[in-house]
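Here is the structure we will look at.
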Amino acid sequence: MNRQAFTLIETVLAVAILATVLVSVIGLLPQALDSSRQANQRTAVSFILQDVQTRLTARQTMSAMRYDMRGSPCREHDPETAYHVTISPIITLPLPGETTGSIPTATLRVQATHGSWAESFTLSLAP
Amino acid sequence: MVLTMLALLMILVLAALSTGTTHLRSASLQSDRSAAEWLRALPANMVKAQLKRATTQPAVLWTSQPGMIRTFGTDVAPGKDKPTALMHHRLYSAPVMNSVSFDASSETSAMAQWQDQLGLFVDLNEPMTNANGERQYPIADPARLGLTDGYALRDAAAGAVNGQSLPLPVAWMYLLKDGQLVMPTSRDSAGVHFDPTKVTAQNPVVARIAFWTDDESCKLNLNTASEAQPWDMPAANTLTEQGYAKQVPAAAQHHADSGHPAFTSLSSVLKHFGGGKSGTVQWPVNDPLDPLNHETTSWWSRHLNCYQSLVPEGTVQRAGEWVSKQERHYSSVGEFYLDVNRNNNGLAKGFVLSTQDLRQADFLLTTRSNAPELNPFGLPKIALWMMPKDRTQRTLADKRLHALSALDPAHEFMFQRAALWQSADGQGSAQSMSADWTEVPRNRELYAWLQRMTNAPIPGVGSSFVSKYGERSRDQILTSMLDNMRWSVNTDKALPPASAVNHHSAVPLTLTDENGSVKSRGYGRFPTITEVAVVFAFTDVDRLNGAPLDANNDGICDRAAKLRAFLVLNPYFAANGPAPVSAAWSVRIQRGVFFNLADNVLLKLPGGNVRNRCTLSNTQPLPATGLPWGGGDSAYACFASQFLQPDGNPKLIGKREDPARDFPFISSSDVVLPKKYGAPATSIRMIESGIVIDLLEPNAPPGQKKPDDTIHSVEVLFPAQDIPMPKLLVSDFAKGPRTLDDRLKPVVVDGVMRLPIIQRGDIVRSMVLNANGPTGGDARLLAVQRSAVFDDGKDNGYFTPHPDAPPSLAGALAPPQVQSLRDGAYLVSGQYGAPELQPAVKASGSLLAKLQFSSNAPLTLKSALQRKAGDDPGGRLGDWESGAGVQDDGASVNRCAHSPETTLSSSGITAPNAAMPMTSAISFGALPSGIFGDAKNATPRPWQTLLFCPNPAGRTSSATAPGRFDSTTRDHFGFANPHDHLWLEFFWRPITEPSALSANFATEGKVNLNFQILPWTWLRRATAMHGALQGVRMAAIPSTAVDMKKASTPQNKQFRYTVDAEKTLAAFESRFDAGEVFRTASEVCDMFLVPKRIPGHDYGTAPDPKDLDAAGMTTWWNGSADDDADAFEATGDNLRESPYAQLYPRLCTQSNIFRVHYRVQVLKKARGTLPDVFDDTRDSIVSERRGSDVIERRFKPTAPAAEPVTDAAAPSLHTQQEFITISRERFGS
């Protein structure tokens, strides 16, 4: 009997520990990747909102835009397209205490091309 | 090995996890900052929305001030005298942004405990400490409070605490995820609560904003203001006035041009820089004691030059010429720290300018301020300039002004001249009564447009000028204004030049209907006749053996035997003053041409078409003393041209062939007196004799009289009266009969050239303008008539026998020479007549019954200012004008000439700067407004001119109440609604030099009268108004000094005052505290300016205003209503209005530039908290941004150029504005 060999129990335990650790560590990996994705997404959305606000302030007429994953504008059918932005017709929202609208406001829906992520934002515009 | 691998794997995974988390945090932070970044646009957008809503409505007047826009319509509620505000639009975050009513005190009290109401209010002025440990304030630095002019706390700042003495709180507004803005509904210990139907978990609060908007026109503009060099029309002969006369500003000295933004003084702020104190170069002290030298080497000069060198367009001297520096404008207040050579801006000028100075002054200074130049209807103002209709004749100045006063190249808002002066054969439209009307369609269009606007109730005022004056008087005022511009602006090429016989003259613009009847008329620079004298010159006596008979040897001839009569007219220019005029005119006598004495003694004058052409040029060199006899700037210019040929030689008496050579208006030959007449102490009866005197254009073609060839006609009826027989000296007739040939030969008496037209032994009877007639003695009311000829032979009462004649016009011992003929060439009394009979003092009477005017400054007319009781109960004093320099006071139409042109005396004429525009329509302040009465009473109102000040001589009501003209108080008709000053709002002066500060019907550098800060009424920032008032000088001449003001030598007396800004502006604040604002800039003319003596000057016995405030001003100016000579009654209407002329053009009540100070915070609700509650202690503020955005209100580039003059439906230009953010500044990191 070779006394230097691992017993089955030892082996099973080691594998179990290894598996547990591996699973838990590997289980963190998607979270890390998700954090990274979210960070990229937030950064991109910031750029997107800034771009849309600039365009709307400049009174460019538009109803939809496309952006890549860095938040840069894309052409139509660009394979790099990562976000679709749809812009609802501009409405005027009232000031507090008012009933008639006076502040032009645009509502944007930013939607990831791949996946189900989508979020709405409102931007106030110069009257 | 496995463990090692596991450890490495774990490290890698954890590193990836950490990196992702860090990345996410970083991205979140960036995202939150970005959210704050795009959120910071929201306050500016809200303000733009407010501005758009408030300032782009048609038919609405709006006013701006820090924190608010108010709008006004035309409906006047019962019991009110003007419309109340339609709406108050707040420009700061508040629970209610727009409201019909507004109570500043309740607004203020609501935020008194702001610091205890976390979540409801926030301090926009919360300071931060920079790296140097210095406190920086985003809006207003309390360190300057009380240390800078006009910047102080009126009351304790609401919620001031240790460490923050100047909190500026406003309400938070909360932003929901869906973009809605909501206000908290309540607050308790749990936080601020919201309407749960609006604020939900799905639509939570995501941010909050707070903002307040400053009005940049309430700050001093570093690019347009400089330091004022006080200057005004000299109005007396004192050292200061002589200094004004000798130091007429050069065209490029804009800091001496009171209508220019450069006249506004930066010293209100800058004098406190670098530890400045009184006596340092940047701290202005009062006017120099010796004004004659102040331009050269004095401290005062260094002080002015210091400021001129600081500002981009300051005036500096280069190669002996005054020029503008024309440097690049500052783009921010901070840039002021360095000059163009990157050196400290103050250092070379004698003081230290620090960055801290500039930070602390940021609330007081600006580099962009701009105000609309639109009238109360939101339509373009008319430029106070006239240019030739022919575009090829326009000068560079014309073209610049055209560019600034047109919506499109074809439609300028400016009157035009039909033709310029070209030559003796091309006299231009100034010498035509109608060409500027009939040949210039644009003038008719603008006139009709002004009629249309003055027919309508004025927004913010509620009444119309036509409802006040009636159509005829309104049209008369408009015509007078147009006429006034014809001969007072841009006259360089339009009026005859100095080389012409009719130098600087113009005939009155006369508007007629289709039948030729005069509808309205101006005054021109053309004479009327205020006195007509007939001189009975006795040419021989009874003789015995050729020697005069003198039976009792008393040296007096026993009897006059022969005589001739000749006519002397006294021309009078209502448009007198600089520039000197030498009008050319012809006289024709019509109708009765006899002076008919008893027993058919006829003294026949030539009638028909015989004319006396009066064309003696002012520049014609004359023998003897060389006096400018052919004209001048006196009201009585051109007297001598009746008797002298164009070359200065005497005219030929009795000849009538050549109008330019002959003096025809003398009886044709000696007439023999019947034997029963002629003895001294007897008389002969003169039968009623009337003549019509026509004044014609000098070269009017001879021939029969034509209906339209007369420029001006007066009819004079000499009533029946006794003509006393003279005491003729034997010595005068010892050599034989006397001829009249020497009477027109100038002689020098005491160094003064005279015409001996009236001599010892003559009997003179004259008719003078009737102070009790329709004109009330106001010659302007005669000058404005084209024909003052009797209707149906009935005496119209314009003339009356000279008041020195005996009351019954009877008696053999009546004064022999009754006349007050005046020659504007010299300003001494007793100008005509035998020396022993010359009138001594008050040769022409007095304007004020109790005032004894100087003998060398006789006033123009007899006492006539007290209106007739039936006309104006109370007998209030009327309006007259102070003469320039030592020129006489009286009834003038252009004595508000505030352009830098003047004269000290007739012998020291300063050439006018003809290219200088009117600074404002206050130049129209001498125009009569009561020629045809008013809308309710067509009775003419003499001595009533347009009113542009609160202190006319006729005001008696308390200074604490507005001037009134109603059933209870009849101060001055100008006070009746709408106040006269609203005329000012239809005109403007575009600023083109040294750069185009005016553009798109707006002007840079104007100062807003509405300096009240809302909602922080405890804070006063009147600094810009202090700067505007700094250079203003008031003239107040006490009645006790009336004998001195026209003294022959300069007096060491002072009639000028500075404006006590603190006391003056205190009255402004009382107005604000009562909930009122200035609706138009012209309303400054309703406010008393409190005078302040200039230290070191001698004011004589004049009352010192040091203990008075605005409430005491009526009494200070006018004394007792029952006494016409107990205060400053010797001050003419133009001097009373002058400070307003110096001030008004630089003021505004609307702004185009606003700075939005904001504070925005991105919020995040804590988990597990109620969605409709925000708690500052539990929920989080994930990012914040503070700063300010500057918004400019300007014409849309694509705005349609509707032509409002011809298109009644054209919209207000206020509706065609856009709002642009022109700069952004961030506060803190």
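Readers should treat all values here as calculations from the given coordinates under stated rules, not as data from a laboratory. Since this is a predicted model, take the numbers as computed values, not measurements. Positions of Cβ are generated from backbone atoms using ideal geometry, with glycine treated the same way; all protein chains shown enter the neighbour counts.
Descriptive notes on the structure:
- Counting Cα-Cα pairs of region B:939-1060 in 10 Å increments starting at 0 gives whole-percent bin shares of 9, 22, 33, 27, 8, 0.
- For the protein assembly as shown, adding -39500 (n - 2.57) for each run of n ≥ 4 DSSP H residues and dividing by the number of residues yields -5500 deg cm²/dmol at 222 nm.
- The protein assembly as shown: equivalent-ellipsoid semi-axes (sqrt of 5 x gyration tensor eigenvalues, Cα, Å): 81, 29, 26
- Lys, Arg +1 and Asp, Glu -1 on Cβ, resulting dipole of region B:439-518 about Cα centre, debye, nearest 20: 220
- Dipole magnitude of the protein assembly as shown, debye to nearest 20 (Cβ charges: Lys/Arg +1, Asp/Glu -1, about Cα centre): 1520
- Centre separation in Å (Cα based) which lies between region B:112-145 and region A:11-48: 46
- Sorted largest first, extent of chain A alpha carbons per principal axis (Å): 91, 40, 18
- Value of Rg/Rh across region B:523-837 [Cα atoms, Kirkwood radius]: 0.95
- Charged-residue dipole, Cβ positions (Lys, Arg, Asp, Glu), chain B about Cα centre, Debye nearest 20: 1400
- Within 10 Å of each Cβ in A:29-38, the average number of Cβ atoms from other chains: 6
- Placing unit charges on the Cβ atoms of the charged side chains and taking the dipole of region B:919-1013 about its Cα centre, the candidate lying farthest along the positive direction among B:SER967, B:ALA935, B:SER995 is B:SER967.
- Sequence ranges A:87-99, B:493-505, B:882-894, B:526-538, ranked by mean other-Cβ count within 10 angstrom, highest first: B:882-894, B:526-538, B:493-505, A:87-99
- At R0 = 45 Å, FRET efficiency that the Cβ-Cβ distance of B:LEU729 and B:ASP1098 yields, to 0.05: 0.40
- Between the residues A:PRO79, A:LEU13, A:THR107, the greatest Cα displacement towards the positive end of the dipole of region A:8-124, with unit charges on the Cβ of Lys, Arg, Asp and Glu, is found for A:THR107.
- Overall Cα dimensions of chain B - principal axes, largest extent first, Å: 166, 60, 57
- Look at where the Cα atoms of region B:646-662 and of region B:538-605 average out, and the two centres are 17 Å apart.
- Partner shielding of B:91-98 amounts to 3, given as the average count of beta-carbon atoms from other chains within 10 Å of each residue beta-carbon.
- Alpha carbon centroid spacing (whole Å) that separates region B:457-534 from region B:993-1056: 29
- Listed pairs B:LYS52/B:LYS198; B:LYS52/B:LYS381; B:LYS48/B:LYS1196; B:LYS219/B:LYS271; B:LYS604/B:LYS655; B:LYS325/B:LYS493 exceeding 20 Å between Cα atoms: B:LYS52/B:LYS198; B:LYS52/B:LYS381; B:LYS325/B:LYS493
- Estimated distance in nm for a label pair at B:ARG318 and B:SER109, the labels positioned 7 Å out from Cα along Cα-to-Cβ: 6.1
- Loop-located trypsin sites (Lys or Arg not before Pro) across region B:66-115 with a Cβ neighbour count of 12 or fewer within 10 Å are B:LYS80, with loop assigned by DSSP.
- Taking amide H atoms as placed 1.01 Å from N in the peptide plane, the amide H of B:ASP762 has no partner under 5 Å among residues 5 or more positions away or on other chains.
- Each listed q (0.15 Å⁻¹) maps to a log10 I(q)/I(0) for region B:528-653 from the Debye sum over equal C-alpha point scatterers, namely -0.84.
- Shielding score for B:18-31, defined as the mean number of other chain Cβ atoms within 10 Å: 6
- Using a Förster distance of 35 Å, the FRET efficiency for A:LEU13-B:ALA15 (Cβ separation, nearest 0.05): 0.80
- The alpha-carbon of B:LYS936 sits under 19 angstrom from the alpha-carbons of these lysines, leaving out residues fewer than 8 places away in its chain: B:LYS468, B:LYS519, B:LYS868.
- Theoretical FRET efficiency, 1/(1+(r/R0)^6), r = Cβ-Cβ of B:LYS1196 and B:ARG685, R0 60 Å, to 0.05: 0.15
- Against chain B, whose longest principal axis is taken from its Cα atoms, helix B:1061-1073 shows a tilt of about 60°.
- Spin-label model distance (nm) - B:VAL161 vs B:LEU602, 7 Å beyond Cα toward Cβ: 10.6
- Principal axis analysis of the Cα atoms in region B:659-736 yields extents of 48, 32, 17 Å, listed in decreasing size.
- Each residue, B:ALA1209 and B:GLU836, gets one label point 7 Å from its Cα in the Cβ direction; the gap between the two is 8.3 nm.
- Of the GluC sites (Glu not before Pro) found in region B:421-526, the ones in coil according to DSSP and having at most 14 other Cβ atoms within 10 Å of their Cβ are B:GLU514.
- For the peptides B:741-750, B:1074-1083, B:1029-1038, residues were scored by their other Cβ atoms within 10 Å and the scores averaged per peptide; the highest-first order is B:1029-1038, B:1074-1083, B:741-750.
- Dipole of region B:1002-1116 computed with +1 at Lys/Arg Cβ and -1 at Asp/Glu Cβ about the Cα centre; of B:PHE1055, B:THR1115, B:PHE1011, farthest Cα towards the positive end is B:PHE1055.
- By the rule of a C-alpha distance below 16 Å, with chain neighbours fewer than 8 residues away ignored, the lysines paired with B:LYS676 are B:LYS562, B:LYS727.
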